[in-house]
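Shown next, in structure tokens, is the structure this report addresses.
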Amino acid sequence: MRISGGLARGRIVKAPKGVDLRPTEERVRQALFNILAPILAGCRFLDLFSGTGAVGLEALSRGAGFVSFVDKESRCLKSAESHSAEFGFPAESSDFIRAEYPQALAKLAGKTPGYDVVFVDPPYESEAALDALRLLGGLAILNKQAQARIILEHPTKLLLPSTQGALQLLRQYKYGNTSLSFFAESHAD
């Protein structure tokens, strides 16, 4: 996998050996970051189910101010941390959290200022997509001062609710068998 834009453009992200992963396709990553371009500079970005770390590394490459990488697999986090250092990103621009997603989200909830972008890419064959969305809908994890978004990468065939807790589905983008669904907190005024 290659970083497709920004400071580390063209750099290769290698998957850790011995870990079964399904990285986000390059064309889907490019589309994601084209959509996020207006809000990416300096943002706080959470890469949940980070796997290879390619999405979080791409965010740093394109100007995110801080990225939290979350995965249950230590080899994935060590690989992402190694790539981050190799690509020259400052150590204080990221953290690496080894935990199952419910524990990680509970730990990160309520911190100020929160995240501007939460990217969620669980294994397609698991129930984690809907469960993570349910958890995120009930947690204070987004930056209240920004146009914060939760983005779920999922199989196109997976049907999602239009609302989940405080979250409202804004838009879906389809790329063959992969979809990106954008959620934001709904505010009753």
Review point. If you go through the stretch 27-41 one residue at a time, how many are without any contact (Cβ under 8 Å) to a residue 40 or more places away in the chain and more than 12 Å from THR178 (Cα to Cα)?
Key: 6
Point to revise | Matching residues in the stretch 7-52 - criterion: being in a loop (DSSP other than H, G, I, E, B) and polar (S, T, N, Q) | key: THR24, SER50, THR52
Check your understanding: Would you pick out the residues in the stretch 73-87 that are outside any helix (DSSP H, G or I) and either polar (S, T, N, Q) or at pLDDT below 95 (or both)?
Key -> GLU73
Point to revise | Answer residue from the stretch 161-189, given it is under 17 Å from TYR115 (Cα atoms) and among the aliphatic types (A, V, I, L, M) and is surrounded by the most Cβ atoms within 10 Å (Cβ to Cβ) among those | key: LEU167
Practice item. Determine which member of the set PRO102, PRO113 is over 13 Å from the mean Cα position of the chain (by Cα) and not in a helix (DSSP H, G or I). Key: PRO113
Exercise for review: State whether one or more residues within the stretch 53-75 are over 20 Å from ARG27 (Cβ atoms), open to solvent by 20 Å² or more (accessible area, probe 1.4 Å), touching a residue at least 24 places away in the same chain (Cβ under 8 Å) and basic (Lys, Arg).
Suggested key: yes
Check your understanding: What do you reckon, is VAL19 open to solvent by 10 Å² or more (accessible area, probe 1.4 Å) and within 21 Å of LYS72 (Cβ to Cβ)?
Key -> yes
Point to revise | Lone qualifier among LEU108, LEU133, LEU142 - being touching a strand residue (DSSP E or B) at 6+ places or on another chain (Cβ under 9 Å), in contact (Cβ under 8 Å) with a residue 40 or more places away in the chain and within 26 Å of ARG75 (Cβ to Cβ) | key: LEU108
Review point. Condition test on ALA85, is it in contact (Cβ under 8 Å) with a residue 24 or more places away in the chain and either surrounded by fewer than 19 Cβ atoms within 10 Å (Cβ to Cβ) or among the hydrophobic types (A, V, I, L, M, F, W, C) (or both)?
Key: no
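Could you tell me which of the residues ALA80, ALA15 is more than 16 Å from the chain's Cα centre (by Cα) and farther than 18 Å from ALA148 by Cα? Lay out the reasoning, then the answer.
Numbers: ALA80 fails: more than 16 Å from the chain's Cα centre (by Cα).
Going through ALA80, ALA15 in turn, just one is more than 16 Å from the chain's Cα centre (by Cα) and farther than 18 Å from ALA148 by Cα: ALA15.
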Review point. Within the bounds of the stretch 135-154, is there any residue that is open to solvent by 50 Å² or more (accessible area, probe 1.4 Å), modelled with pLDDT of 90 or more and out of contact with any helix residue (DSSP H, G or I) (no Cβ under 9 Å at 6 or more places or on another chain)?
Key: no
Check your understanding: Do the conditions hold for LEU158, that is, is it open to solvent by 10 Å² or more (accessible area, probe 1.4 Å), free of Cβ contacts under 8 Å to residues at least 40 places away in the same chain and in a loop (DSSP other than H, G, I, E, B)?
Key -> yes
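The values are calculated or read from the model by the stated rules, or taken from the named source; none is laboratory data. Just so we're clear, the structure is a prediction, and the values are computed from it rather than from any experiment. Cβ: placed from backbone, ideal geometry, glycine included. Neighbour counts: every protein chain shown. Areas reflect the complete protein model, heavy atoms only, side chains present, ligands, DNA and RNA absent. Shrake-Rupley method; radii C 1.70, N 1.55, O 1.52, S 1.80 Å.
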